[in-house]
Amino acid sequence: MLKIDDKIRRLIEWSLSEDIGKGDLTSEALIEQDLKAQGIIVAKEEGVIAGLEIAKMVFHQLDPNLVFESSFKDGNRVMRGEEVATLKGSVRSILSGERTALNFLQRLSGIATLTSRYVEKIKDTEAKILDTRKTTPGLRMLEKYAVKMGGGENHRMGLFDMILIKDNHIKAVGNISKAIQKARVKYPNERIEVETKNLDEVADAVNSGADWIMLDNMSIEETKKTVKVIRSSPRKIKIETSGRIDLNNVREVALTGVDFISVGALTHSAPALDFSLLLVELNL
């Protein structure tokens, strides 16, 4: 369930102001102020829908009197040509909010759809699909929500909710062991994840007490060997793999025995799912 907070409300307000600015000149010039209509939002492709509540909020923030209804819920699969929502009310308001609402709906549904394809590929394995921080500035909360609607799971929301020691951190400190030690002293109750590139670094991370180990850009064979090394530890260490993963090889990666597969493409390269808004009845 998407938690609507002040950040999202401000985002919608800003997005509307970006598009409308000083006013919708075309609608103001052509459409009588009291003209009302019914509109429908139609899916132009098959996919997983996400962002219905955001689209509804866009229209309601613009005009509280608009009626927005849908029999779909985020996470549902929609077929090409299906009507996913109806709108009733001022034609000016419907047309002024159209682009902003559809932009959110298309972007989030595109992410949910791509995520669902990855999830489907590995559904009979123990691995889970994770997102990353490779998100659109300002849209992270919504984009990570869309990943969840597609069946994926969220990694950390930001730098504030988990320690993830990456290559540049290690370079700045000196080595993995020292980095983990410093992190543990500063934040003794936080989970610590370490990015590794080879078996030596993995062994160092295991011996130094990492809770979670990321295998970065390793081949399938390297990953298999590394998983065996980590699983031999008496501690339950989470294993994540990332880098060079796509729909063609994600299943093979999942079968190596990793717990998580992180895919930046879910949010940085997902194509939009296409929707259109059509006026179908005037003078209600």
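The values are calculated or read from the model by the stated rules, or taken from the named source; none is laboratory data. Computed from a prediction, not measured in an experiment: that's the story for all the values here. Here the Cβ is made from the backbone with ideal geometry for all residues, glycine too, and neighbour counts use every protein chain on show.
For region 241-284, a tally of residues being β-branched (Val, Ile, Thr), buried (at least 17 other Cβ atoms within 10 Å of the Cβ) and over 19 Å from the mean Cα position of the chain (by Cα) returns 3.
Conditions (1) small (Gly, Ala, Ser); (2) over 23 Å from Ala272 (Cβ atoms); (3) under 22 Å from the mean Cα position of the chain (by Cα), marked per residue:
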{"position": "Lys3", "(1), (2), (3)": "no, yes, yes"}
{"position": "Asp6", "(1), (2), (3)": "no, yes, yes"}
{"position": "Leu11", "(1), (2), (3)": "no, no, yes"}
{"position": "Asp19", "(1), (2), (3)": "no, no, no"}
{"position": "Asp24", "(1), (2), (3)": "no, no, no"}
{"position": "Glu28", "(1), (2), (3)": "no, yes, no"}
{"position": "Asp34", "(1), (2), (3)": "no, yes, no"}
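Residue-by-condition table, conditions (1) surrounded by 17 or more Cβ atoms within 10 Å (Cβ to Cβ); (2) within 13 Å of the chain's Cα centre (by Cα); (3) assigned by TED's automatic domain parsing to the domain that holds Gln106:
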| position | (1), (2), (3) |
| --- | --- |
| Val147 | yes, yes, no |
| His155 | yes, yes, no |
| Met162 | no, no, no |
| Ile165 | yes, no, no |
| Lys171 | no, no, no |
| Asn175 | no, no, no |
| Lys182 | no, no, no |
| Lys186 | no, no, no |
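Tell me the residue from Glu201, Glu240, Glu195, Glu221 that is in contact with a Phe, Trp or Tyr (Cβ under 9 Å, 6 or more places away or on another chain) and farther than 30 Å from Glu32 by Cβ, please. The unique qualifying residue is Glu240. Taking region 180-284 and the strands (runs of 3 or more DSSP E) fully enclosed by it, the elements with 1 or more residues that are over 24 Å from Asp124 (Cα atoms) are at 192-196, 275-282.
For Leu142, state whether it is in contact with a helix residue (DSSP H, G or I) (Cβ under 7 Å, 6 or more places away or on another chain), outside the structural domain of Lys56 (by TED's automatic domain parsing) and under 28 Å from Asp24 (Cβ atoms). So Leu142 fits the description; yes. Look through region 170-196, keep the residues that are touching a strand residue (DSSP E or B) at 6+ places or on another chain (Cβ under 9 Å) and among the hydroxyl-bearing types (Ser, Thr, Tyr), and return whichever of them is farthest from Ser262 (Cα to Cα). Among those residues, the one meeting the criterion is Tyr187.
Residues in region 128-185 that are among the polar types (S, T, N, Q) and more than 25 Å from Gly51 (Cα to Cα): Asn168, Asn175, Ser177, Gln181.
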